[in-house]
Structures are given as C-alpha cells and as structure tokens.
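S.K.: I'd like to ask you about the structure that follows.
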Amino acid sequence: MDRQKPRVNGSIDGFMRADHKPRYFIDGVSQQSHKQPLRPAAYDGPLTSSSIRPQPIVRPGINRPVPNRPPIVNDLNGQTRPEVQRAQSLVPRLNDRQPASLIGTSLPTNGITRRPLKTRKSKWRSPKRIALSSTLVLVIGLIGFGLWFGSSLLSSVNKVFHGNVFSDANALINGTNLKESGGRINILLAGDSVGDPNHGGATLADSIMVLSFDPQTKTGFILSVPRDLWVYIPSMGHQKINATNDVVNFSQPGYPSGGMGQLEQVLNTDLGIPIDYYALIDYAAFKDAVNAVGGITINIQSPDPRGIYDAYTHLKLPNGWVTLSGQQALDLARARGDGAAGDVSYGLPNSDFSRTQHQRQMLVALFKKASSIGVLSNPLKVTSLFNAFSSNISTDMTIGDVIALEKASSGVDLTKLQSVTYSYGGINPLLKGYVDPVSGQDALIPSLGLNNFTQLKNYYQQLTSSNPVVQEGPTVTLLNASNVSGLASKEKMVLENKGYTVTSIADASTEYPSTLIVNNTNGQKPAATTAISKLIKGNVTTTTTGSKEAAEAANYTTDYVIVMGQDWNNSKPNATPVQN
C-alpha cells in the first residue's frame, strides 16, 4: 500500500511532523506559520518549491544544526549554481567532524560570508603544560640519576665494608656500639704496595700508624711505628715488624685472622697498644684518594734550605706550603732519602723517620680535605673517593661502625692531632740501631735492649693518660747506695706505679749516708719534679758536681738519677698505683 503523501499548504513541499504541521528552517530559525509567504533572502520572485531547502526536524541532542548555515539556493532555471554546488561538496554533514584542512576556511556560499571556524588548540601545546612536562621529565631524570648514583655509591661502600642493603638499613635504624680500649678508639692503619707489581716486597706493611682519639675530650694522636722495629713473630721468629702482614695462618681469639691479626697481637703484646679496628690500604688507593679530593696541601719543613729531594722517586719539593697531586703524595710517602748512583738525596736526614713524619702529615691533610664541605657536597668526588678505596682496602669495620665512628669523632679537630713516633737518637731515645747476627739485617730495637719494650709501653701510656706525671713521661735511674739489699728493685715498682719509667737500677760504687736526687729535666717536667720530691725524702740538686754522689750520677742521662743512701726510708708504704 502506498504511503499517503501529507498535504502541505500552498505549493511548498517539506517534511511534516506527526501533527501535520509543517516545519521549515531558514537561517537556522524554525518557521511554523504559513500565513506569510517564505522567501529566500537572495530571491525576490514567486515562491516555488525549489526556492527553499527543507531542514530536518531537530530534537534535543540529535542532529543539532550548525549555526549560521544559509539555505542552499538554486537559480531560476532549476540548476544549482556552480559556487553553491562547490560549497555543498565541502560542507560536511551535521554529525561529521570538521576536517583539519578546512579549519578556519571561509566558504563562498552565494555571496554570504561565513565566519571562520575556531581553531582547536591542543591542550598539550600550552606554555603551562609544556613547562609542566619539561619539569616532569627533569624530575624523572634526576630520580633516575639519583638511583644510579646511590646504587653505585652503595655498591662501592659495601664492597669496602662487606655489607648489604639489609645490614646498611639495620645500621641506620638501630646504630652500632663501637669497640673501645680504655675509653679510647684505636684504629690501625697499615699500607702496602700490592697494587704495584714492580715494587719489591709489596706485601710488607711498610707504613704502620695508629690513629687514637678520645670521644669525650675530642683529642687524639697519630703514632707511627717504625717498619724496621725488630720483634718476635711466633710463626717466623725475630723479624722486622712489617713482615707480620705476610703471615697467612694466624688465628687467635680476639684478633682478626691473617697478617693484620698478627700485627695487632704484636702491637698489643710488645708495645701495649690495644687495637679496635684496622684498615689495610694499598698505596695505589692513597694516590687515587688524593686525586679524588683534588689534591692535598702540606707544609714542608726540611732542615735543608733547598727543601727535599729523593733520588729514588725523583721527587723534589721546596720548603713551605705545597699542594700535592696523587702521584706526588705517593712519592713522598715512599721517600726516605735513598741514594742512587750519581744522584744524592737531600732534606730527609732521618730516613724512615722523615718518611713517617710526612706520612702522618699527609694523612691528616687527606682527612681534613675529605671531610670538607666542598668534597662532601660533590657527588662525583664522593663516588671517586669510595671507588678509590673499594678495590684497594681491606678492613674489619662495617658501615655501621663507620657511621658510629663519624658521630663519635665529631668535634675532633684534625689540625690539632698530635703527630708522634718513638724517639731515635738524642737524649733518652726509645730506640737504637741493631744488626741481627743471623740475617745481617739492619733493624731497630728498644734502647733498653732486645725484647725489652718497657719504655715503648710507657710511651703509649704517656700519650693516653690524664695523669700529668704520666703525660710528661719521666725516666728514672735508681742507684742503691744503702746497706739494704734489693732496695732499688723494690722502689722501682713504687715509682712505676706513680707514672715514672725506671730505665735502670744498679748498685752505687760505695755506700752514702744520705739520699740525693739529681734533676736533669731543665725544668721541662714540673709535675714529675713536684711529685718525686714529695715521694722521696732527700736532697734535690740540678748539678752533678760538688759531691761524690752527684759525680756518680753524672754517668746517667735519665730525667732523674736517685742515689739511695743509708737514710732511705725503708719502711714507707708502697704508693697507690697510678690511674692511667
């Protein structure tokens, strides 16, 4: 059945709504009244069906018309004008998205000018969003670099201190209790040349130092132990102390295994120095560490006005403040004035003692430079510093020990650390030269004789004690001039408990009626002089002439020579042992 065509008033065809009321759109406006004729704006002739293009019914949300779109107009002969036909081909359907090529294009539609369509701007091209995205990329890059840097640094740190992420986290959260020796922390620092294949005896510990500080008083010292000190090594017999590092089978409770454990035991047994931690550093690591911090500055104070020159390393430096590169620092750490054919060293008069003096100088300078803000705030320098140590250092410290050590040493003035060693030559030396009759090696032994380390032990007590007498380190000779046998040996213990070092005891050539104390200190040890004058009843003199007792005391060079006469108070009680 054919669909009935709806009636339309007049001769105008169009779409009908369900209520048979015609609806037309001209210029986007609905026209429902049919009393007035409808004419296009550009046509003044009779109204025909070809004059108006009917528009579809618009319902809310469906087929919404494009604003300001004019009707399509044909000419009088019923033909579509070319410009209108071209415009029709370019105008999209109502529900289509405008092509990018037509954005902002004005279409020629029968002389009616259409407003250009607005250009849609990408939300990602605005300046704010560009800045935001750039910042985001930068932040992500920094985070990535931070993760890489942190991972690299952590790897180097854990390689040195034998840790891992879990132990590091535990150390940061719970902390670590440091080992101490008598209220002090002692760290053994030893150096070898394992990294130098051309260096003879590369495994020997040619640099031996003890860094000791008091966490309470914030004071400390660096003590050099001569590498040529002649000691007894259980598995090797008598050898120079630097040979301990060659021991591989050492294992004793309370000490680390291997050579460093053997060295710690010798230091504790012979020199009275307890060790809490150790670090064995290859000389190559020292060179790299100096380079990592940008060099170190020290003050050369040679007795030679030319400065120093070492024929072995060909290092030449003037007196005064100098900045050393890593290689120069390494050469100075090895320089002891060795001669060469046709080449003579100068400015290093004490051989190995001059060398250890410079080693202590450079160590303090390196500590100071490494702890400066300029190094700590530079990630590359910090990384280089740990990388220098990661493959060339062995230690029994953990990362937790290092963190706790940093806190404990906070406030210690590195520039005021004492730089000390055992005296050799001069008045009352602690060491003297020795030639081993078996091997023929030149070495050093205590001034009191082979294996008699009493003075060396007392020297450590002198450095660490708070007792003013002990700090002055007075030495004493006892001459028994009484008629009591064994009196000098008995009083030796009393004096040593008070902080004096009795270097020798002997019988006087004859008996004397009165006691005489000869003071050879030239006023340099006031606390010891005051204490000994109260402890011993006798005349005190500073001269070795005027009496037979004084003349006999002139044969000795200790700080005090005590001639114990017949009036010596043999019944006085022993003094309370001194607190070191």
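S.K.: Go through region 239-260 residue by residue and tally those that are touching a residue at least 12 places away in the same chain (Cβ under 8 Å), under 20 Å from Ala202 (Cα atoms) and either part of a helix (DSSP H, G or I) or of a type outside the set (Val, Ile, Thr) (or both).
M.R.: Count: 11.
Rundown of residues vs (1) touching a Phe, Trp or Tyr at 6+ places or on another chain (Cβ under 7 Å); (2) touching a residue at least 60 places away in the same chain (Cβ under 8 Å); (3) assigned by TED's automatic domain parsing to the domain that holds Asp192; (4) under 28 Å from Ser371 (Cα atoms), yes/no style:
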{"site": "Gln301", "(1), (2), (3), (4)": "no, no, yes, yes"}
{"site": "Arg306", "(1), (2), (3), (4)": "yes, no, yes, no"}
{"site": "Thr313", "(1), (2), (3), (4)": "no, no, yes, no"}
{"site": "Val322", "(1), (2), (3), (4)": "no, no, yes, yes"}
{"site": "Gly326", "(1), (2), (3), (4)": "no, no, yes, yes"}
{"site": "Ala333", "(1), (2), (3), (4)": "yes, yes, yes, yes"}
{"site": "Gly337", "(1), (2), (3), (4)": "no, no, yes, no"}
{"site": "Pro349", "(1), (2), (3), (4)": "no, no, yes, no"}
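S.K.: For the subset of region 502-521 comprising residues that are at pLDDT below 90 and within 53 Å of the chain's Cα centre (by Cα), which member is surrounded by the fewest Cβ atoms within 10 Å (Cβ to Cβ)?
M.R.: Selected residue: Ser504.
S.K.: Something else now. Being touching a residue at least 24 places away in the same chain (Cβ under 8 Å) and charged (D, E, K, R) narrows it down to one of Glu472, Glu406, so name that one. Spell out the reasoning first.
M.R.: Details: Glu406 fails: touching a residue at least 24 places away in the same chain (Cβ under 8 Å).
From the options Glu472, Glu406, the qualifying one is Glu472.
S.K.: How many residues does region 281-299 contain that are in a loop (DSSP other than H, G, I, E, B) and of a type in the set (Val, Ile, Thr)?
M.R.: Number satisfying all stated conditions: 1.
S.K.: Right, next: Mind counting the residues in region 216-238 that are crowded, with 21+ Cβ neighbours inside 10 Å and farther than 16 Å from Leu204 by Cβ?
M.R.: Final tally of qualifying residues: 3.
S.K.: OK, next. Look at Leu456 and say whether it is assigned by TED's automatic domain parsing to the domain that holds Val194, assigned to a helix (DSSP H, G or I) and either at pLDDT 90 or above or not polar (S, T, N, Q) (or both).
M.R.: Details: assigned by TED's automatic domain parsing to the domain that holds Val194: no; assigned to a helix (DSSP H, G or I): yes; either at pLDDT 90 or above or not polar (S, T, N, Q) (or both): yes.
In short, no.
S.K.: Of all the residues that make up region 300-330, how many are part of a strand (DSSP E or B) and either surrounded by 14 or more Cβ atoms within 10 Å (Cβ to Cβ) or modelled with pLDDT under 95 (or both)?
M.R.: 9
S.K.: Residue check: is Tyr560 under 21 Å from Lys457 (Cα atoms) and at pLDDT 90 or above?
M.R.: Here the answer is yes, as Tyr560 does meet what is asked.
To keep it simple, each residue is scored yes or no on (1) touching a strand residue (DSSP E or B) at 6+ places or on another chain (Cβ under 6 Å); (2) β-branched (Val, Ile, Thr); (3) not assigned by TED's automatic domain parsing to the domain that holds Gly182.
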{"position": "Val248", "(1), (2), (3)": "no, yes, no"}
{"position": "Tyr255", "(1), (2), (3)": "no, no, no"}
{"position": "Gly258", "(1), (2), (3)": "no, no, no"}
{"position": "Asp276", "(1), (2), (3)": "yes, no, no"}
{"position": "Ala285", "(1), (2), (3)": "yes, no, no"}
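S.K.: OK, next. Hey, does region 416-425 have a residue that's assigned to a loop (DSSP other than H, G, I, E, B) and within 19 Å of Asn268 (Cβ to Cβ)?
M.R.: Yes: region 416-425 contains one or more residues that are assigned to a loop (DSSP other than H, G, I, E, B) and within 19 Å of Asn268 (Cβ to Cβ).
S.K.: Let me ask another. So, in region 513-540, how many residues would count as being in contact with a Ser or Thr (Cβ under 8 Å, 6 or more places away or on another chain) and closer than 23 Å to Val484 by Cβ?
M.R.: 8
S.K.: Next up: Out of Ser155, Ser224, Ser181, report the one residue that is of a type in the set (Ser, Thr, Tyr), at pLDDT 90 or above and under 26 Å from the mean Cα position of the chain (by Cα).
M.R.: Result: Ser224 is the single residue among Ser155, Ser224, Ser181 that is of a type in the set (Ser, Thr, Tyr), at pLDDT 90 or above and under 26 Å from the mean Cα position of the chain (by Cα).
S.K.: Here's a follow-up. Can you give me the number of residues within region 268-277 that are surrounded by fewer than 22 Cβ atoms within 10 Å (Cβ to Cβ) and either of a type in the set (Asp, Glu) or touching a residue at least 12 places away in the same chain (Cβ under 8 Å) (or both)? It would help to see each step written out before you state the result.
M.R.: Going through region 268-277, the residues surrounded by fewer than 22 Cβ atoms within 10 Å (Cβ to Cβ) turn out to be 268-272, 274, 276-277.
Within this subset, residues satisfying the condition of being either of a type in the set (Asp, Glu) or touching a residue at least 12 places away in the same chain (Cβ under 8 Å) (or both) are 270-272, 274, 276-277.
Looking only at that region, the number is 6.
The values are calculated or read from the model by the stated rules, or taken from the named source; none is laboratory data. Not measured: the values here are computed from a predicted model. Heads up, the Cβs are rebuilt from the backbone with ideal geometry, glycines too, and the neighbour counts pull from every protein chain shown.
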